[in-house]
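One structure below.
The values are calculated or read from the model by the stated rules, or taken from the named source; none is laboratory data. Keep in mind it's a predicted model, so treat the numbers as computed, not measured. Virtual Cβ from ideal backbone geometry, glycine too; neighbours counted across all protein chains shown.
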Amino acid sequence: MARLREIRKHFLVYLILLIEIFGFAFGSPRQAFAQLGAIGGIGGISGAETTEATPLFTMTGTPSFREGEGSLSFAYQNTRITRAFGDKIEDRLGATVAAELTSRVFLMSYGVTDRLSVGAVFEFDTSRVRADTDNDGVAEKVEQEDLANPSFSAKYTVLRNPNISIRGLVMLPTGYEAGTDNPSVQLDLAYSTSLGGFSDLHLQVGYQYTMKDRFSVDPTDILIANAALARSFGDNFVFFTELTFRQGGGSFDSENDTPTQKSLDVVPGFKARFNEKFLVSAATRISLVNDFALGYDYSYLALLSYSF
């Protein structure tokens, strides 16, 4: 029995190290965590590209800014990892295992013309893993904080009324441990229209292609599909509800033969403008389906923007 306990102890330590290396140190919300289904999305915060009455995670087909206008934004996101391959994390990894990711995101966007805007995202991630590997009531903790891979994007509005836009985005390795050595690119298409003045409808589809790193590790690509309704109340307040879908593995990851993985979230939230130049937004991502390697039940995000 003592031998079995020792084997179990070393197995748990090894498992936790795998989570730390491949779930946290290996990636950021835009990289490994997006591919694992824990965060998802391009920078996670497409709506921060504009201070207009739009949703927070779904890209819009309308222009982000007029020529010469832009915004500086800061976002804080907290995600407690509660799922593993669709099951409760305690059922898969034991009741003493807990993991959490917090992200502090700086976003900059600028309107080059009335149809073309560019943006950059810099993200600092803190990952925490805690587990009682000895079952002695004392939890071992591992914490890592660093700069994740930055992203750079360009969005162009192809058509007006209806509003259709395309966006290209590239994420570059920095060498920091919170990031990954995998460069990735993403292409998105978005459509926006007014539903008789009652609400605005926004639809987005995208594909994220992740390249191999120097160790020939090639994470799964990701298919993205979002839909959102946004309703304005006056000039300074908007309430939105979004559905965000991610799918990876399967045909998107034939090289590693990863099973098909998917996530579906519902995201209620709001945007409120004050003092003309400032905007505050908050949203909660509620998981409906998530069978990625690491997932969550809830994720919270708050954002503050200054427009110029």
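Kindly evaluate P173 against the criterion of being out of contact with any Gly (no Cβ under 7 Å at 6 or more places or on another chain) and either at pLDDT below 85 or acidic (D, E) (or both).
In short, no.
I need the full set of residues from the range 38-54 which are under 19 Å from S281 (Cβ atoms) and either of a type in the set (A, V, I, L, M, F, W, C) or modelled with pLDDT of 85 or more (or both), in order please.
I39, I42, I45, A48, A53
Going residue by residue through the range 254-265, is there one that turns out to be assigned to a loop (DSSP other than H, G, I, E, B), among the acidic types (D, E), within 26 Å of I81 (Cα to Cα) and at pLDDT below 85?
Restricting attention to the range 254-265, the residues satisfying the condition of being assigned to a loop (DSSP other than H, G, I, E, B) are 254-260.
Right, trim to among the acidic types (D, E) and you get 255, 257.
Filter once more, keeping what is within 26 Å of I81 (Cα to Cα): 257.
Restricting the remaining residues to those that are at pLDDT below 85 gives 257.
Yes - at least one qualifying residue is present in the range 254-265.
Give me a count of the residues in the range 84-111 that are surrounded by fewer than 15 Cβ atoms within 10 Å (Cβ to Cβ) and assigned to a loop (DSSP other than H, G, I, E, B).
1
Determine whether T210 is under 16 Å from the mean Cα position of the chain (by Cα) and at pLDDT below 85. Lay out the reasoning, then the answer.
Working: under 16 Å from the mean Cα position of the chain (by Cα): yes; at pLDDT below 85: yes.
Spelling it out, T210 is indeed under 16 Å from the mean Cα position of the chain (by Cα) and at pLDDT below 85.
Which pairs turn up if I take residues in the range 103-127 that are under 27 Å from E140 (Cβ atoms) and look for partners that are modelled with pLDDT of 85 or more and among the hydrophobic types (A, V, I, L, M, F, W, C) with beta carbon separation below 7 Å, at least 6 apart in sequence or on another chain?
E123/V105
Could you say whether any residue in the range 152-161 is part of a strand (DSSP E or B) and at pLDDT below 80? Give the derivation first.
At the first step, the residues of the range 152-161 found to be part of a strand (DSSP E or B) are 152-159.
Cutting the leftovers down to at pLDDT below 80 gives us none.
Among the residues of the range 152-161, not one is part of a strand (DSSP E or B) and at pLDDT below 80, which makes the answer no.
Are there any pairs, at least 6 apart or on different chains, whose C-beta atoms fall under 6 Å, with the first in the range 267-294 and at negative phi and touching a residue at least 12 places away in the same chain (Cβ under 8 Å) and the second exposed (fewer than 15 other Cβ atoms within 10 Å of the Cβ) and not in a strand (DSSP E or B), and if so, which?
What qualifies is R273/N236.
Do we find that E123 is more than 17 Å from the chain's Cα centre (by Cα) and either surrounded by fewer than 20 Cβ atoms within 10 Å (Cβ to Cβ) or at pLDDT below 90 (or both) in this structure? Before the answer, list the steps.
Numbers: more than 17 Å from the chain's Cα centre (by Cα): no; either surrounded by fewer than 20 Cβ atoms within 10 Å (Cβ to Cβ) or at pLDDT below 90 (or both): yes.
No: the conditions fail for E123.
Among the residues of the range 241-253, write down those that are in a loop (DSSP other than H, G, I, E, B) and modelled with pLDDT of 70 or more.
To start, the set of residues in the range 241-253 that are in a loop (DSSP other than H, G, I, E, B) comprises 249, 253.
Answer for the range 241-253, where residues must be in a loop (DSSP other than H, G, I, E, B) and modelled with pLDDT of 70 or more: just G249.
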